[in-house]
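Contents: one structure, followed by commentary.
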Amino acid sequence: MKPLAGLLVVDFSQFLAGPSASLRMADLGARVIKIERPGTGDLCRQLYISNLSLDGDSTLFHSINRNKQSYAADLKNPDDLAHIRKLLMHADVMIQNFRPGVIEKIGLGYEAVRELNPRIVYGEVTGYGSTGPWRNKAGQDLLVQSLSGLPFLNGDAAQPPVPFGLAVADMMAGAHLVQGILATLLRRGITGFGGKVEVSLLESILDLQFEVLTTYLNDGGRPPERSSVNNAHAYLGAPYGIYATANGYLALAMGSILRLGELLDCPALATFTNPASLFDQRDEIKSILVQHLKHKTTQQWLSILEPADIWCADVLTWDRLFAHDAFKALEMVQTIDSRPSAVMRTTRCPIRIDGERLTSPLAAPRIGEHNQAIAEEFNLE
């Protein structure tokens, strides 16, 4: 039995942050009913990250909304809204990511929903919080990354700010929302009452940077200094970075430069005896490594460094990763095949419970696919 079996989540959210939270709860056993606008549904259905579509919708939508049911309702229609209110009386969790103030105008703000169901845990995702001068700004991942300072940690010193190559603000906010919801459900088990959980993309991306922001706050406000050579972490010294080899790339994490010089047969590194030089002279050290490491293959270097317990790794493409026995042992890929027109391979939930991998064959729903069954079950008509 999955740990959240028996819980009902009613999810009004669109795009990534909220749906990623309800996806994780579905993976853990909760029943998720996705409330969508009739006709168009979740706007993420048409948000393509490639030209690949599946069953008329984007693969992004399918990847983040699998294992859910869809109930189509026009929240501006009094009859549909009445049905939704009735459904919420049965719900354990509600999730929404409307812009601040919109859900209250509809009549489904926290106070109104709590009157219907005092036990409900109400999850809310915003871009920048519900107060402050940015409350109505578009909460889009790239914009949030840019405002958070994150791009100034990426790329080399001579490069412009480089954003993270994933919707990292959305994903972090979704993970934080799940944490808050589960904690509030635990409290509900003790008190009998639900509560409101609020997260924002900006706060989540700031929390992701907590280590470096703490350094900044306690180091006189000195800005991050990216290395001009193979930067991988603006606050870490040499050799931290990724280096080209004769046939690929080698990742080197933190470690003794003197020991590294001995193992690599690189006498030029022997002059950096002062530990402070790892940061103060990191570009010089890295430049030496750039020239030295390109003369042998990645595997040749790994055969020297790994037995000596140096923190290093090959830099794999997805093709090479997927072909590796270490990846195969994880059984990280599952097949979604509950509907012939929506067969898809995707990743599974990364969590294991009692040794069990959490998978599901259920495809993302079509708009309103479960209206009749849900209406009959909860007597919504």
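Read-outs: derived from the displayed coordinates by stated rules, not from any lab. Just so it is clear, the model here is predicted, and its values are computed rather than measured. Positions of Cβ are generated from backbone atoms using ideal geometry, with glycine treated the same way; all protein chains shown enter the neighbour counts.
A compact table of results
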{"read-out": "Counting DSSP beta bridges with both ends in the chain, the antiparallel % (nearest 5)", "value": "40"}
{"read-out": "Kirkwood estimate for region 270-365, i.e. one over the average of 1/r between Cα atoms, Å", "value": "17.9"}
{"read-out": "Span from the region 183-226 Cα centroid across to the region 90-106 one, whole angstrom", "value": "22"}
{"read-out": "Percent of C-alpha pairs per 10 Å bin, the chain, short to long", "value": "5, 19, 25, 22, 16, 9, 4, 0, 0"}
{"read-out": "Full-extension gain in nm, GLU331 to TRP311, via 0.36 nm per residue minus C-alpha separation", "value": "4.7 nm"}
{"read-out": "Inter-part distance where region 16-64 and region 124-142 are each reduced to a Cα centre, Å", "value": "21"}
{"read-out": "Helical segments meeting 20 Å axial Cα length and Kyte-Doolittle 0.0 threshold in the chain (DSSP H)", "value": "168-191"}
{"read-out": "Restricting region 257-352 to GluC sites (Glu not before Pro) in coil, as DSSP defines it, with at most 10 other Cβ within 10 Å", "value": "GLU331"}
{"read-out": "Estimated [θ] at 222 nm from DSSP helical runs (n ≥ 4, -39500 (n - 2.57)) normalised by residues in the chain, nearest 500", "value": "-10500 deg cm²/dmol"}
{"read-out": "Pairs of lysine residues in the chain - Cα separation under 29 Å, sequence separation of 8 or more or cross-chain", "value": "28"}
{"read-out": "Cα pair count fraction exceeding 14 Å, expressed as % - region 241-323", "value": "62"}
{"read-out": "Cα-based Rg and Dmax for region 1-114, where Dmax is the largest Cα-Cα distance (Å)", "value": "14.2, 42"}
